[in-house]
Amino acid sequence: MLPFIRSDLAQFTAYKPHPSSDTAAAVPVQLDRLDTNESPYDLPPELKEKLAWTYQQVIETNRYPDGGHETLKNAIAQYVNESASISSSLLTAANISVGNGSDELIRSLLIATCLGGEGAILVAHPTFSMYGILAKTLGIPVVTVDRNKDNFEIDLTAAQSALEQTQNPPIRVVFVVHPNSPTANCLTAAELTWLKNLSEQILVVIDEAYFEFSQTTLVGELAQRPNWVVLRTFSKAFRLAALRVGYCVAHPEAIAILEKVRLPYNLPSFSIAGALATLQNRQLLLSSISQTLHERDKLKAALCQNPKLQVTESAANFIFLRLQPNVFDPQDTTLKNLHQQLRSSGTLVREISQGLRITIGTSEENARTFKRIQAALTNLDSQ
Ligand SMILES: *Cc1c(COP(=O)(O)O)cnc(C)c1O
């Protein structure tokens, strides 16, 4: 350990980017990358050409980017109003802050609320790992509660008592994903009621990274709930994971704080141009969503035919696959083998919390996923 490094950092593990280079080396060349919930479709060539033209003719690489993001914020506000059927002009640029991926916004929210021993965060396991990872790198305590094993609803009794009992520092932020990753379920009525009853001293972060797939949003609540914020991203349905753009929708006072905390030029010019271009072409880009949802339902139905497997409802572009309890073994050997065999046959999925999170890809990829899972299970039977 380097002697000048904060002592608490020694025990943390970094977020493991996917696909990792060791994985790539161990499997065949043609990979089905179904482990990061990206869109399987690149931007259409005509849109990429337009962006290439922008890069060549408009962007001056010797100049700093637009650090105020005004044009992008206006375009986002319009999209958010439209997507929530909020009469336009209700949400404006003053309700939006943009980040280098929503990851940056998560970090800014943590800095603005909990840093310096002022607060802890509450998460319900399993969920998106970045909340915990980023909190710990900032020295912010993470309080974890469980979910119901069948429908993945948050254990609200445990959550409530964690809120009441956590002191020095108290819980300042509750992170929820709507729909959750890796379990793909939306917030239930009971969870919403609990969130609505939280004190205004507590920030509620609703991560809607998969909104375009779930088509259900809580931005309509923001007007009467100054302690709620909604996070969205361009990394999933908008096919822009490579450019790192996310945004936060919130009360103008909360936005002003996020603007204070962020780095001055957090978004490269090309990323701003990319986000604007995808918003302008959203009808085209989002027209693939219904296909993805159809493919998801087809894959889920096919996998459910196998008596060894269970797949719960999904409101997102991925499914969470588990083995039936009678196949389950305490060390997860069967699941690990299944994961491993998928990998060696060229399908990358995420093994997490006693299940596999599988992104919906192209129809060819999904057909291969199904075939390879069936083959791996047959294989494991005969071992
Ligand atoms: C993919 C994902 C994001 C997106 O993060 P970016 O930094 O915007 O790429 C955020 N939250 C959740 C829950 C996700 O699954």
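Kindly establish whether residue 309 is open to solvent by less than 20 Å² (accessible area, probe 1.4 Å) and more than 19 Å from the chain's Cα centre (by Cα). So residue 309 fits the description; yes.
Being in a helix (DSSP H, G or I) and touching a residue at least 60 places away in the same chain (Cβ under 8 Å) is a property that holds for residue 105. Scanning region 33-72 for residues that are assigned to a helix (DSSP H, G or I) and within 16 Å of the ligand (Cβ to nearest atom) gives a single hit, 72. If you go through region 353-374 and keep only what is at pLDDT below 95 and open to solvent by 40 Å² or more (accessible area, probe 1.4 Å), you end up with just 354.
Say we look at region 110-132 and pick out the residues that are open to solvent by 10 Å² or more (accessible area, probe 1.4 Å) and touching a residue at least 60 places away in the same chain (Cβ under 8 Å); which of these is nearest to the ligand (Cβ to nearest atom)? Ranking the qualifying residues of region 110-132, first place goes to 128.
Name every residue in region 73-102 that is out of contact with any Lys or Arg (no Cβ under 6 Å at 6 or more places or on another chain), assigned to a helix (DSSP H, G or I) and over 27 Å from residue 171 (Cβ atoms), in order of residue number. Passing the criteria: 73, 74, 75, 76, 77, 78, 79, 80, 81, 82, 83, 94.
Restricting attention to region 177-191, the residues being away from the ligand (no atom under 16 Å from the Cβ), in contact (Cβ under 8 Å) with a residue 12 or more places away in the chain and of a type in the set (A, V, I, L, M, F, W, C) number 1.
Within region 151-170, being without any contact (Cβ under 8 Å) to a residue 60 or more places away in the chain and part of a loop (DSSP other than H, G, I, E, B) holds for 153, 155, 166, 167, 168, 169, 170.
Checking each residue in region 302-325 for being polar (S, T, N, Q) and more than 17 Å from residue 336 (Cα to Cα) picks out 305, 306, 312, 314, 317. With respect to (1) over 30 Å from residue 271 (Cα atoms); (2) within 16 Å of the ligand (Cβ to nearest atom), the lone exception for residue 146 is condition (2). Counting only residues that are within 15 Å of the ligand (Cβ to nearest atom), among the polar types (S, T, N, Q) and open to solvent by 20 Å² or more (accessible area, probe 1.4 Å), region 82-109 holds 1 of them.
Checked against the criterion of being over 24 Å from residue 38 (Cβ atoms), open to solvent by 20 Å² or more (accessible area, probe 1.4 Å), within 16 Å of the ligand (Cβ to nearest atom) and not acidic (Asp, Glu), region 244-264 has at least one qualifying residue.
Pairs are defined by a Cβ separation below 9 Å, a sequence spacing of at least 6 or placement on different chains, a first member in region 234-259 that is on the phi > 0 side of the Ramachandran plot, and a second member that is open to solvent by less than 30 Å² (accessible area, probe 1.4 Å) and part of a helix (DSSP H, G or I); the pairs so defined are 239/278; 239/285; 244/101; 244/271.
Taking the criterion of being more than 24 Å from residue 209 (Cα to Cα) and assigned to a helix (DSSP H, G or I), the residues of region 300-318 that qualify are 301, 302, 303, 304.
The values are calculated or read from the model by the stated rules, or taken from the named source; none is laboratory data. Please read these numbers as outputs of a predicted model, since none were measured by experiment. Ideal geometry is used to build each Cβ from the backbone, glycine not excepted, and the neighbour counts take in all protein chains shown. Side chains included, ligands, DNA and RNA excluded: accessible areas come from the protein's heavy atoms. Shrake-Rupley method; radii C 1.70, N 1.55, O 1.52, S 1.80 Å.
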